[in-house]
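Undergrad: Here it is, the structure in full.
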Amino acid sequence: MPIPEQPVVPFSTVLRTASSAEHEAAEQSSFMSRLLGGHLGVEAYADLTGQLWFVYRALEDRADELAEHPVAGPFIDAALLRTEAIERDLAHLRGPDWREGLTPLPATAAYVARLEELADQWPAGVIAHHYTRYLGDLSGGQIIRGIAEKTWGFERKGDGVRFYVFEQVDNPAAFKRDYRAKLDAAGLAMDEVERRRVVEECKRAFQLNGAVFRDLDTRYPLSA
Ligand code: HEM
């Protein structure tokens, strides 16, 4: 009888390890460092939030369809949905007409195009992006929220930072544990080639985020 191919390292660990350099690069990017170091005004924060709206709309618009997919399906969870929270933040940051004049930067458009392509052609690949964004929002996102509240005076967990507030996630540590278990199960259901493809897509997800930060960074030139 052939021995089934069993990964030695849990898939959640593989993803975290494989993307750690990309994570560090995103964390230390010029835009993030300047933003979280208090060197940029609230308009840069609003600008980031506006770009995230395009990204999350692309991630979430197809949720009903993805929920039916054997690999992506288990990850689709109403408790994570961010689009509405971002819209409330944008109404606070940009006013009731927040949609007017809001356009995706070239890097955001490329990120959205990749998400749409995956939903159409390789739904299993969506999990790489789902992990990169939502597990990040539940982790480092909480640090970003705290700094944003202090730096620009938003009410704690209120308008302006609702994107980072997961009201339906009571216990983030337990949620992340369960999420990693889902990643591990997804990894077991894939063959090695498919696992590698997902890992590469995860790195790409981080790079797409990094490119958005670079585009945003050029909008706010360093003052002399
Ligand atoms: C300055 C910005 C950032 C800070 C301070 C930060 C910080 C952190 C910290 C402390 C953790 C570990 C939390 C834990 O183990 O529970 C974490 C995890 C994570 N972050 Fe970030 N992060 C930042 C930016 C980002 C960005 C831009 C992304 C992706 C777009 C991202 C994606 C992730 C992911 C996916 C994890 C989960 C890793 C895992 O345990 O598998 N982070 N972040």
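Undergrad: Hey, could you check the range 199-212 for residues that are within 11 Å of the ligand (Cβ to nearest atom) and buried (at least 20 other Cβ atoms within 10 Å of the Cβ) and say which is nearest to Thr17 (Cα to Cα)?
TA: Among those that are within 11 Å of the ligand (Cβ to nearest atom) and buried (at least 20 other Cβ atoms within 10 Å of the Cβ), it is Cys202.
Undergrad: Could you tell me whether Arg196 is under 16 Å from Arg16 (Cβ atoms), within 11 Å of the ligand (Cβ to nearest atom), surrounded by fewer than 17 Cβ atoms within 10 Å (Cβ to Cβ) and not aliphatic (A, V, I, L, M)? Break it down stepwise before answering.
TA: On the way: under 16 Å from Arg16 (Cβ atoms): yes; within 11 Å of the ligand (Cβ to nearest atom): no; surrounded by fewer than 17 Cβ atoms within 10 Å (Cβ to Cβ): yes; not aliphatic (A, V, I, L, M): yes.
No, not satisfied.
Undergrad: Just for the range 146-186: of the residues that are of a type in the set (Lys, Arg) and out of contact with any Asp or Glu (no Cβ under 9 Å at 6 or more places or on another chain), which one is farthest from the ligand (Cβ to nearest atom)? Spell out the reasoning first.
TA: The first filter runs over the range 146-186 and keeps only residues of a type in the set (Lys, Arg), leaving 150, 156-157, 162, 176-177, 180, 182.
Applying the additional criterion that residues be out of contact with any Asp or Glu (no Cβ under 9 Å at 6 or more places or on another chain) yields 150, 176-177, 180, 182.
Values: Lys150: 14, Lys176: 6, Arg177: 10, Arg180: 7, Lys182: 12 Å.
Among those that are of a type in the set (Lys, Arg) and out of contact with any Asp or Glu (no Cβ under 9 Å at 6 or more places or on another chain), it is Lys150.
Undergrad: Within the range 21-68, which residues are part of a helix (DSSP H, G or I), among the small types (Gly, Ala, Ser) and either farther than 15 Å from Gly160 by Cβ or in contact with an Asp or Glu (Cβ under 8 Å, 6 or more places away or on another chain) (or both)? Quick ask: steps written out before the conclusion?
TA: Here is the first cut: in the range 21-68, the ones part of a helix (DSSP H, G or I) are 21-27, 30-36, 42-60, 63-66.
Filter once more, so that each one left must be among the small types (Gly, Ala, Ser): 21, 25-26, 30, 33, 44, 46, 50, 58, 63.
The answer is Ala21, Ala25, Ala26, Ser30, Ser33, Ala58, Ala63.
Undergrad: Looking only at the range 75-110, count every residue that is in a helix (DSSP H, G or I), more than 23 Å from Lys176 (Cβ to Cβ) and hydrophobic (A, V, I, L, M, F, W, C) and tell me the total.
TA: 6
Undergrad: Is there any pair with a first residue in the range 167-191 that is farther than 17 Å from Pro70 by Cα and a second that is surrounded by 14 or more Cβ atoms within 10 Å (Cβ to Cβ) and among the aromatic types (Phe, Trp, Tyr) whose Cβ atoms are under 6 Å apart and which are 6 or more apart or on different chains, and what are they?
TA: Listed pairs, sorted by first residue: Val169/Phe175.
Undergrad: Return the only residue of Ala63, Ala85, Ala72 being farther than 18 Å from Gln168 by Cα, among the aliphatic types (A, V, I, L, M) and either under 19 Å from the mean Cα position of the chain (by Cα) or buried (at least 18 other Cβ atoms within 10 Å of the Cβ) (or both).
TA: Answer to the check: Ala72.
Undergrad: State all residues of the range 60-89 that are hydrophobic (A, V, I, L, M, F, W, C) and either modelled with pLDDT under 95 or under 22 Å from Ala189 (Cβ atoms) (or both); if no residue qualifies, say none. Reasoning before the result, please.
TA: So the first thing to find is which residues in the range 60-89 are hydrophobic (A, V, I, L, M, F, W, C), and the list is 63, 66-67, 71-72, 75-76, 78-81, 85-86.
Selection gives Ala63, Leu66, Ala67, Val71, Ala72, Phe75, Ile76, Leu80.
Undergrad: Can you name the number of the only condition in (1) among the charged types (D, E, K, R); (2) under 24 Å from Ala119 (Cα atoms); (3) over 19 Å from the mean Cα position of the chain (by Cα) that Glu201 fails?
TA: In the conditions (1) among the charged types (D, E, K, R); (2) under 24 Å from Ala119 (Cα atoms); (3) over 19 Å from the mean Cα position of the chain (by Cα), Glu201 misses (3) alone.
Undergrad: State whether one or more residues within the range 97-112 are surrounded by fewer than 17 Cβ atoms within 10 Å (Cβ to Cβ), within 15 Å of the ligand (Cβ to nearest atom) and touching a residue at least 40 places away in the same chain (Cβ under 8 Å). Give the steps one after another, and end with the answer.
TA: Step one: list which residues in the range 97-112 are surrounded by fewer than 17 Cβ atoms within 10 Å (Cβ to Cβ), which gives 97, 99-103, 106, 109-110.
Restricting the remaining residues to those that are within 15 Å of the ligand (Cβ to nearest atom) gives 110.
Now drop any that are not touching a residue at least 40 places away in the same chain (Cβ under 8 Å), which leaves 110.
Yes, the conditions are met somewhere in the range 97-112.
The values are calculated or read from the model by the stated rules, or taken from the named source; none is laboratory data. Every value quoted in this text rests on a predicted model; they were computed, and no experiment measured them. Cβ coordinates were reconstructed from backbone atoms using ideal geometry, including for glycine residues, and neighbour counts include every protein chain displayed.
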